[in-house]
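Chemist: Starting off with a structure, shown below.
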Amino acid sequence: MSIICQGVPGTRVEGRNFLVKMSESMIGSDVVRFEPRGIGYSEGEFYNLTHKSWLADIAGILHETLNSNNYTTVKLVLMSDASKMIVNILEKVLKKLDDCIKWQIILINGILTKENKSGPNKTRIIKMGNGNWGLYTGFGVYFSLDFLDYYPDKDKVRKVIHENRKNIFGIYGMKDDLTINSKLLLKDIGIQTFEIREGDHLFTSGNCMKEVIQSIKEIYNNY
């Protein structure tokens, strides 16, 4: 079974069918693509989304799917900001799985640690629709204060990824300046990483999308 955890497009919906094409590349695996509460078409408001609620949604999807089926392997795809939760996912979700269930994590332009650049626009603190203060990024998306300021402890990330390095893979765009430090961290740990030479953070080019999908196929077929 594969579970795809997308990044944070806010209430916008990805229109390139990238996630659909990604699902089709996961040969021999049932696939669950889902939107956490507040993202895309799902219920709730995006500016209420926190990492705690997002983690709860991932854990809920994982346990519900495993409890209702006889899967023995789980591949968890973490894209962009979803990767910030890798420590909690490893320690609070995957460690609780039955010992007979094997798992892998694939990070796709995963943000793992503090980066020097968060986007092309300067963020502003504003009052949001729920009356709380939040962050406006210039993309037409309003974040809760919990969100852009949240990063797991770098030493903790390094430790848990190193301990589980045989089960973790990366797919990263080499022209993505939102994951420079994260790429260096994985390289330092020795994680198997597939490099998309012309890839930006969203793999905007059609050729880059194809390279990502080919990398996923390679992981599924050979690891």
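Chemist: Can you tell me the FRET efficiency between Asp188 and Lys217 if r is taken as the Cβ-Cβ distance and R0 is 22 Å, rounded to the nearest 0.05?
Modeler: Details: r = 27 Å, r/R0 = 1.22.
Result of the calculation: an efficiency of 0.25.
Chemist: Also: For Trp103, which sequence-distant residues (separation of 5 or more, or a different chain) have an amide H within less than 5 Å of its own amide H, given hydrogens modelled in the peptide plane?
Modeler: Val74
Chemist: Give the cross-link partners of Lys52 among the lysines, using a straight C-alpha distance below 22 Å as the criterion and excluding same-chain residues fewer than 8 apart.
Modeler: Candidates past the 8-residue exclusion: Lys75, Lys84, Lys92, Lys95, Lys96, Lys114, Lys127, Lys154, Lys156, Lys159.
Chemist: So between Asn207 and Arg165, what do we pick up on full extension, going 0.36 nm a residue minus the alpha carbon distance? Numbers along the way, then the final one.
Modeler: Numbers: separation 42, 0.36 × 42 = 15.12 nm, distance 2.85 nm.
Roughly 12.3 nm would be gained on extension.
Read the figures in this text as sums done on the coordinates, not as results from a lab. Computed from a predicted structure; not experimentally measured. Cβ: placed from backbone, ideal geometry, glycine included. Neighbour counts: every protein chain shown.
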